[in-house]
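> This is the structure, below, for whatever I ask next.
The values are calculated or read from the model by the stated rules, or taken from the named source; none is laboratory data. This structure is a prediction, so every number in the text was calculated from the model and none was measured. We place every Cβ from the backbone using ideal geometry, glycine too, and count neighbours over all the protein chains shown.
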Amino acid sequence: METFNINRNIAHLAILQRIELASPKLKKIRKLFGRYLFTKFFSKYFINVSNISNKYYDLMYTEFSSIKSYLKDNQKILSIGSGIGGLELLIYNNFKNSEINFIEKNYISKKIKYGWDDKNIEAYNDIHLLEKFLILNGVQKDKFDIYDFDKSVLPQKKFDLILSLYSLDFHYNFKIYQRYLKEISHDNTFIIFDTIRYEHFKKIFKEVIIIKEDKFTVHKSKRILCKFMK
Ligand SMILES: C[S@@+](CC[C@H](N)C(=O)[O-])C[C@H]1O[C@@H](n2cnc3c(N)ncnc32)[C@H](O)[C@@H]1O
């Protein structure tokens, strides 16, 4: 069986970033004990690490399949809000010369609240654990750079592909990155992200294509590929 190499700390983050990995029992515990204890304790110690690893792998493989046709060798990729990086690891494994830059936040909110976050204060990652996950799974350190959204000067090169799954415009406003994304795009840059307001992006980009639809989830978002920012 294909899986990722992860430890408890990394599995903990995967659960927070992808709540669908939590078992029904763990979700019940969250309702019963509240968000603080769930975030701090239950989501870390009431899990089976290898089970989470298998489930996370399957989930990331499905995500990888949804974007695979837009990937090529030798691409410069920017990932915004990658989480622990399972999708990006699959990109490295399948497109060996990819160069990936990550922009993430480096803290876990005390009581994570999922949903729209206008102030963009919610975060659930640890940049050191993101780096650890990539290295534990065989990615060489010189193949990636990680930037802390709140502290670093963001990378200023041009990217071929910008990815943000269930992060940009799913949890916080696209506006936060809009000007920056224009600066780092060239004429053929693709930007892929999930949103519930697909129509809005027809005003911002000349081309917007729906590549996946989540019809049966609460949010009913669409994964869109955008080109040519106006
Ligand atoms: C729901 S998780 C999705 C993680 C991953 N993309 C996935 O599909 O599994 C959202 C991620 O966005 C990150 N995030 C929140 N605000 C951000 C920002 N301004 N820039 C980059 N990442 C951010 C969070 O820390 C979290 O890891």
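> Can you tell me which residue is nearest to the ligand (Cβ to nearest atom) among those in segment 18-41 that are in a helix (DSSP H, G or I) and crowded, with 19+ Cβ neighbours inside 10 Å?
Checking each candidate, the answer is Leu21.
> Looking at the structure I just gave you, is Ile67 assigned to a helix (DSSP H, G or I), more than 27 Å from Phe159 (Cα to Cα) and in contact (Cβ under 8 Å) with a residue 24 or more places away in the chain?
So Ile67 does not fit the description; no.
> Shifting gears a bit: Output yes when any residue across segment 93-101 is among the hydroxyl-bearing types (Ser, Thr, Tyr), within 12 Å of the ligand (Cβ to nearest atom) and buried (at least 17 other Cβ atoms within 10 Å of the Cβ), and no when none is.
no
> Can you give me the number of residues within segment 116-136 that are in a loop (DSSP other than H, G, I, E, B), crowded, with 18+ Cβ neighbours inside 10 Å and more than 10 Å from the ligand (Cβ to nearest atom)?
0
> Now for a different question. Inspect segment 43-60 for any residue being farther than 15 Å from Asn5 by Cα, of a type in the set (D, E, K, R) and touching a residue at least 40 places away in the same chain (Cβ under 8 Å) and give the result as yes or no.
no
> Restricting to segment 42-66, what's the tally of residues that are within 11 Å of the ligand (Cβ to nearest atom) and among the aliphatic types (A, V, I, L, M)?
So the count comes out to 2.
> Could you say which residue among Glu207, Glu199 is out of contact with any strand residue (DSSP E or B) (no Cβ under 8 Å at 6 or more places or on another chain) and modelled with pLDDT of 95 or more?
None of the others qualify; the one that does is Glu199.
> Also, quick follow-up: Go over the candidates Asn97, Asn74, Asn54 one by one and state the one that is over 16 Å from the mean Cα position of the chain (by Cα), farther than 21 Å from Phe174 by Cα and part of a helix (DSSP H, G or I).
Going through Asn97, Asn74, Asn54 in turn, just one is over 16 Å from the mean Cα position of the chain (by Cα), farther than 21 Å from Phe174 by Cα and part of a helix (DSSP H, G or I): Asn54.
> Next question. Say whether the condition of being among the β-branched types (Val, Ile, Thr) and under 20 Å from Ile121 (Cα atoms) is met by at least one residue in segment 198-209.
The answer is no; no qualifying residue exists.
> To continue, here is another question. Of these, Asp142, Asp187, Asp148, which one is more than 14 Å from the ligand (Cβ to nearest atom), free of Cβ contacts under 8 Å to residues at least 60 places away in the same chain, over 14 Å from Phe228 (Cα atoms) and surrounded by fewer than 20 Cβ atoms within 10 Å (Cβ to Cβ)?
Asp142
> Another question, if that's okay. Here are some conditions: (1) within 12 Å of the ligand (Cβ to nearest atom); (2) in contact (Cβ under 8 Å) with a residue 24 or more places away in the chain. Lys175 meets all but one. Which one does it not meet?
Among (1) within 12 Å of the ligand (Cβ to nearest atom); (2) in contact (Cβ under 8 Å) with a residue 24 or more places away in the chain, the lone unmet condition for Lys175 is (2).
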